[in-house]
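Colleague: Have a look at the structure that comes next, please.
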Amino acid sequence: AAVTAVAEATCRIEPGDRIAVSGASGSGKSTLLHLIAGLETPTSGEAEWPGLGGDPRRPPGAVAMVFQAPSLLPALDVTENVSLPLLLCGHEPAEARKRAIAALELLGLDELAGRLPEEISGGQAQRVVIARAIATRPVLLLADEPTGQLDTGTAAAVLDVLLAAAAHLDAALVVATHDEDVAARLGTRWHMRDGHLRTGWAAPC
Ligand SMILES: Nc1ncnc2c1ncn2[C@@H]1O[C@H](COP(=O)(O)OP(=O)(O)OP(=O)(O)O)[C@@H](O)[C@H]1O
């Protein structure tokens, strides 16, 4: 049966925005992020990416996404995992490795460089995923429940890294989250309810 995951969403993301998307499970947050990333196409309406160069109606490469579950390839070490999108973008292996190490250093993760995913914690893995996301220097960073599987302290540390990465890249950051502490640290609040997006939403006192 057809599912309407997002029924109505009118929104605009500006450079430098820090946006939290809250809403109940199943309200359409992930689908909204996929639409913004160009991973899914709206069945009606339009998604456009003006100001990023290229055709504004085509999804740009300058968008990176961080998912809830750390998604590192188990057979590759941390540096190789972070290098992978750079290799897929056509960089030479030596250049990809150099940029991957720079991304790890930026986030204070260089000591993990040679470890396999099974040799690092969940919080460290999520930070490595962020390093991988920023290695290609995106101008828009999307994160779907990036702290959902982490304890409070680790979640705060992962958000520190996301904010630092976005600031370093001068990128906009949009985070779907159930975590009020995470949402409170982002400037703008959006709320999804039953597939409808409300922007300018403020938490009730
Ligand atoms: N590929 C799909 N096929 C069928 N239904 C889907 C698909 N993706 C999402 N849905 C449905 O669309 C609705 C919105 O899902 P979505 O994952 O966007 O919500 P969400 O707010 O991110 O949920 P959660 O917080 O649990 O991750 C849900 O009813 C979900 O079951």
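Each reported figure results from applying straightforward, stated rules to the coordinates on display, with no laboratory input. Predicted model, so just to flag it, every value in this text is computed and none were measured. When we count neighbours, we look across all protein chains shown, and the Cβ atoms used for this are built from the backbone with ideal geometry, even at glycine.
Colleague: Could you give the semi-axes, largest first, of the ellipsoid that matches region 1-116, computed as the square roots of 5 times the alpha carbon gyration tensor eigenvalues and rounded to whole Å? Kindly include the intermediate steps, with their values, before the conclusion.
Modeller: Details: eigenvalues 199, 65, 39 Å².
Equivalent ellipsoid of region 1-116: 32, 18, 14 Å, largest first.
Colleague: May I ask you to list the GluC sites (Glu not before Pro) in region 1-83 that are in a DSSP loop and have at most 15 other Cβ atoms within 10 Å of their Cβ? Intermediate results must be reported in sequence, preceding the final value.
Modeller: Working: sites: GLU8, GLU40, GLU46, GLU48, GLU80; in loops: GLU40, GLU46, GLU48.
Filter output for region 1-83: GLU46, GLU48.
Colleague: When the helices in the chain are scored as -39500 (n - 2.57) per DSSP H run of 4 or longer and the sum is shared across all residues, what 222 nm value do you end up with, to the nearest 500 deg cm²/dmol? Mind dumping the intermediate values first?
Modeller: Values: 6 runs with 71 residues, N = 205.
Here the helix-only value at 222 nm equals -10500 deg cm²/dmol.
Colleague: Right, something else. Select from region 1-109 those trypsin sites (Lys or Arg not before Pro) which occupy a DSSP coil region and have at most 12 other Cβ atoms within 10 Å, ordered by residue number.
Modeller: Passing sites in region 1-109 are ARG12, ARG57.
Colleague: Would you please report the Å³ per residue occupied by the convex hull of the alpha carbon atoms in the chain? Each step should come with its number before you reach the end.
Modeller: Values: hull volume 27.0 nm³, N = 205.
For the chain, the hull spanned by Cα atoms encloses 132 Å³ per residue.
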